[in-house]
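Have a look at the structure below before the remarks.
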C-alpha cells in the first residue's frame, strides 16, 4: 500500500488542489516501511491525480477537496479519506490502526465558499488562503 498525505510543515494541508507537497508512506503488513516528502513541482488541481498515479499512490488522506478532484481520484482507483485535520504522521498511524476520523462527505467548493464543516472565509480557519493546519 502507498499512502499520500497532503502536507505542509508536518501537518495535513487543508486544500488538495493547492498542496505543494505530499508525504508518501510505503506500508507492508500494516507497518510503515518508508516515508518521504515529495514536491508537486508546481502541479495543481487537475494535474495532482496524475502526479499521485505516477507516484504509485493508492490511498490519499487530505483535508478539503473538491468534487472534480474526488471524481478524478475515483477514476484513477485512488481511495480517498478527506476532511482530516492534524499531524500527518499521527494521521497515518491512526489510519493503519483503524481509528482515523474522516469525513466521507467532504467537499470544498469555492464558489459556495464551504470547505468541510467550516466557512472558507472564516478567520478562525483561514481557509480562504488554505493556510490552516488542522486542530
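The values are calculated or read from the model by the stated rules, or taken from the named source; none is laboratory data. Because the structure is predicted, anything quoted here is derived from the model rather than measured. Note that we place each Cβ from the backbone using ideal geometry, even for glycine, and neighbour counts take in every protein chain shown.
Some points to look at:
- Lone qualifier among 9, 58 - being out of contact with any helix residue (DSSP H, G or I) (no Cβ under 8 Å at 6 or more places or on another chain) and at positive phi: 9
- Scanning the range 53-78 for residues that are closer than 20 Å to residue 32 by Cβ and more than 11 Å from the chain's Cα centre (by Cα) yields 55, 56, 57, 58, 78.
- Condition broken by residue 13, with the remaining ones in (1) surrounded by 15 or more Cβ atoms within 10 Å (Cβ to Cβ); (2) out of contact with any strand residue (DSSP E or B) (no Cβ under 7 Å at 6 or more places or on another chain) satisfied: (2)
- Scope the range 16-39; condition farther than 16 Å from residue 84 by Cβ, touching a helix residue (DSSP H, G or I) at 6+ places or on another chain (Cβ under 6 Å) and buried (at least 17 other Cβ atoms within 10 Å of the Cβ); matching residues: none
- Pairs where the first residue, in the range 80-102, is in contact (Cβ under 8 Å) with a residue 60 or more places away in the chain and the second is in a helix (DSSP H, G or I) and surrounded by 16 or more Cβ atoms within 10 Å (Cβ to Cβ), C-beta under 7 Å, 6+ apart: 84/91
- Among the residues making up the range 58-83, a single one is surrounded by 14 or more Cβ atoms within 10 Å (Cβ to Cβ) and farther than 18 Å from residue 106 by Cβ: 58.
- Elements of the type helices (runs of 4 or more DSSP H) sitting completely within the range 1-110 and holding at least 1 residues that are modelled with pLDDT under 95: these cover 46-54, 67-75.
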